[in-house]
Amino acid sequence: MKIVVIGGTGLIGSKLVTKLGEHGHEVVAASPNTGVNTLTGEGLAEALAGAAVVIDVSNSPSFEDAAVLEFFETSTRNLLAAEAAAGVGHHVALSVVGTERLPDSGYFRAKIAQEKLIENSLIPFSIVHATQFFEFTQSIAAASTDDGTVRLAPVLFQPIAGDDVAQAVARISVASPLNGRAEVAGPEQLRMDEFFRNALAACGDTREVATDPHARYFGAELSERSLVPGDGATLGEIRYADWAGRTDSGK
């Protein structure tokens, strides 16, 4: 079938394009780089013509509160309208485990808004909630750094490899729409501060990791289970210690 991947040249999108193509699907990698812009609508109608499934794994270029809300609301409205016109039968969106528990964060408020638009549309859908990616270890550490010290709460943390995320999203995209959510997470549950202490040391990053129960995560204060899935989540197979990018993720 024809599957369009919005954000198809990014981290998860490129993996999806490869995996779905290997299974014989006609896959379109849609992004501004390939002439498809969900914010302006440019190229959407052409890309979606004849598509059975659209997978949205795009992300905002800015995490500033107003900008990220504008991105997800505008791009999702444009995308859903184009899908309705093209007769797309399954909209799949990648979101984040714990989104609904972190309304103090502008980023997660924007993801909540995105999910509501999807739920309220007439297009059958599946929303995949993933935990934090191994590949984002450095960017999360950078966002948590204050005066050279990485401040993180000692809450539960269950990160996942991008390859495992792509595998789960690909599987859901070719199945019947859930008209609901599925959760995916890594195979190991750890303490967030301990994970980053070990992960940064493994790639030669000498920053101190300080345990701070009130440290904010993209603007939100965390509770014990804010970032981990509930029962029934699909678990990835790749452990962080076995992940190929572990020792060079700081470079």
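Scanning the range 194-244 for residues that are modelled with pLDDT under 95, open to solvent by 40 Å² or more (accessible area, probe 1.4 Å) and of a type in the set (Ser, Thr, Tyr) yields one hit, Thr206.
For the range 72-123, filtering for residues that are of a type in the set (Asp, Glu), in contact with a Leu (Cβ under 9 Å, 6 or more places away or on another chain) and over 25 Å from Met1 (Cβ atoms) leaves 1.
Condition check ((1) over 25 Å from Gly50 (Cβ atoms); (2) open to solvent by less than 20 Å² (accessible area, probe 1.4 Å); (3) of a type in the set (A, V, I, L, M)) across all residues:
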residue: Asn78; (1), (2), (3): no, no, no
residue: Ala85; (1), (2), (3): no, no, yes
residue: Val92; (1), (2), (3): no, yes, yes
residue: Val96; (1), (2), (3): yes, no, yes
residue: Arg109; (1), (2), (3): yes, no, no
residue: Glu115; (1), (2), (3): yes, yes, no
residue: Asn120; (1), (2), (3): yes, no, no
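Select from the range 23-75 the residues that are among the hydroxyl-bearing types (Ser, Thr, Tyr) and within 16 Å of Ile112 (Cβ to Cβ) and write down the one among them that is modelled with the lowest pLDDT. The qualifying residue modelled with the lowest pLDDT is Ser60. Taking residues in the range 177-194 that are closer than 30 Å to Asn120 by Cβ and of a type in the set (S, T, N, Q), and partners anywhere that are modelled with pLDDT of 95 or more and part of a strand (DSSP E or B), the pairs with Cβ atoms closer than 8 Å and at least 6 places apart or on different chains are Asn179/Phe125; Asn179/Ser126. In this structure, does Arg191 turn out to be under 17 Å from Ala215 (Cβ atoms), surrounded by fewer than 22 Cβ atoms within 10 Å (Cβ to Cβ) and in contact with a strand residue (DSSP E or B) (Cβ under 6 Å, 6 or more places away or on another chain)? Against the criterion (under 17 Å from Ala215 (Cβ atoms), surrounded by fewer than 22 Cβ atoms within 10 Å (Cβ to Cβ) and in contact with a strand residue (DSSP E or B) (Cβ under 6 Å, 6 or more places away or on another chain)), Arg191 does not qualify.
The values are calculated or read from the model by the stated rules, or taken from the named source; none is laboratory data. On a predicted model such as this, the values are computed, not experimentally measured, just so you know. Note that we place each Cβ from the backbone using ideal geometry, even for glycine, and neighbour counts take in every protein chain shown. With ligands, DNA and RNA removed, areas are computed over all heavy atoms of the protein, side chains included. Shrake-Rupley method; radii C 1.70, N 1.55, O 1.52, S 1.80 Å.
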